[in-house]
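FYI, it's all coordinate maths here, none of it is from the lab. A quick note: this is a predicted structure, and the numbers were derived from the prediction, not measured. Cβ atoms come from the backbone with ideal geometry, glycine included; neighbour counts cover every protein chain shown.
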Amino acid sequence: MTRSIPRTAANERLLDIYSKLLASYGPQSWWPAQSPFEVMIGAVLVQSTAWSNVEKAIANLAAVEALTPEAIRRLETAELARLVYPSGYYNVKARKLKALVRYLDERYSDDVGAMSRRDTASLRRELLAVHGIGEETADDILLYALGHPIFVVDAYTRRLVVRLGLMHESDASYSACQTLFMDNLKPDATMFNECHALIVRHGVEHCRKRPSCEGCALLEMCPAGTAAEAQEVTSSS
């Protein structure tokens, strides 16, 4: 049985987290892209790398006008790999992008609008069947490219919910973390977008593997952080 806090309390905690992060960092305006398909490219390229590396790869694609499904299909896989080299695992990611554009062509004739009109559950199953697309990448595409109300979970999300005592570490699977947010917040794509982006920003700024608790907007509600602060005070006295 998953150990988590009651629904009403979880709703209040999650809204409190959201409001504190929003007050601390302001709107994040994710995802930085010129088109829904560019978001899809970014969702694949960001796997196992930093966003700064993805930006370099996307700039390479933009330089040869290869930010459309048709353009990606025209490229030889080796050339595509060369262009996305900055994102790492470039040969693997080139094949993943080829699989994505093949799916878009065969299923939707590259019509992203038609794709976005599919119901979320069916579309998610389709995406997960595409080579190289796992849960996080599928949900990035659903939320950020297509505007579907689904919550994206990543390492920052898991770390945050565990440190704040919302979920036990052994229970913090992708689906369990996603359920925590989606069962306790209104299904609003705009809010899910902003909330996830804020969690990522907070993970980069403060809630790292080795946390930097000074100035953390969530310190007062974080058992892990307050314990670490207390230990630091004790050690220095």
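How far is helix 174-184 tilted, in degrees, relative to the longest principal axis of the Cα atoms in the chain, given as a value from 0 to 90 rounded to the nearest 10?
Roughly 70 degrees, rounded to the nearest 10.
So what's the back-of-envelope 222 nm ellipticity for the chain, counting only DSSP H runs of four-plus at -39500 (n - 2.57) apiece and dividing by all residues, rounded to 500?
Details: 13 runs with 145 residues, N = 237.
Value at 222 nm, helices only, nearest 500: -18500 deg cm²/dmol.
Given points 7 Å out from each Cα along the Cα-Cβ axis, report the Arg74 to His168 separation in nanometres with one decimal.
Using points 7 Å along Cα→Cβ, the separation is 5.6 nm.
Can you pull out the trypsin sites (Lys or Arg not before Pro) in the stretch 60-157 whose DSSP state is coil and whose Cβ has at most 12 other Cβ atoms within 10 Å?
Details: sites: Arg73, Arg74, Arg82, Lys93, Arg95, Lys96, Lys98, Arg102, Arg107, Arg117, Arg118, Arg124, Arg125; in loops: Arg117, Arg118.
Those satisfying the criteria are Arg117.
Output the peptides 216-222, 206-212 sorted from most to least packed, where packing is the average of other Cβ atoms within 10 Å over each peptide's residues.
Values: 216-222: 17.1, 206-212: 13.4.
Ranked from most to least packed, the peptides come out as 216-222, 206-212.
How long are the three semi-axes of the equivalent ellipsoid of the stretch 36-145, in whole Å, if each is the root of 5 times an eigenvalue of the C-alpha gyration tensor, listed from largest down? Walk me through the numbers before you get to the answer.
Numbers: eigenvalues 91, 45, 28 Å².
In descending order the semi-axes read 21, 15, 12 Å.
Using a 10 Å cut-off on Cβ atoms, rank the peptides 174-182, 37-45 from the highest mean neighbour count down.
Numbers: 174-182: 17.9, 37-45: 23.6.
Highest-to-lowest ranking by the protection proxy: 37-45, 174-182.
For all pairs of alpha-carbon atoms in the stretch 3-65, what percent lies in each bin of width 5 Å, listed from the first bin to the last filled one?
Reading the bins upward from 0: 4, 14, 17, 14, 10, 14, 13, 8, 3, 2, 0.
If one computes P(r) from the Cα atoms of the chain, what percent of pairs lie at distances over 21 Å?
On the way: 16566 of 27966 pairs.
Result: 59 percent of Cα pairs exceed 21 Å.
Please count, across the chain, the pairs of lysine residues with Cα atoms under 22 Å apart that sit 8 or more places apart or on different chains. Write out the running numbers ahead of the final one.
On the way: Lys20/Lys186; Lys20/Lys209; Lys56/Lys93; Lys56/Lys96; Lys56/Lys98.
Taking the Cα cut-off of 22 Å, the pair count is 5.
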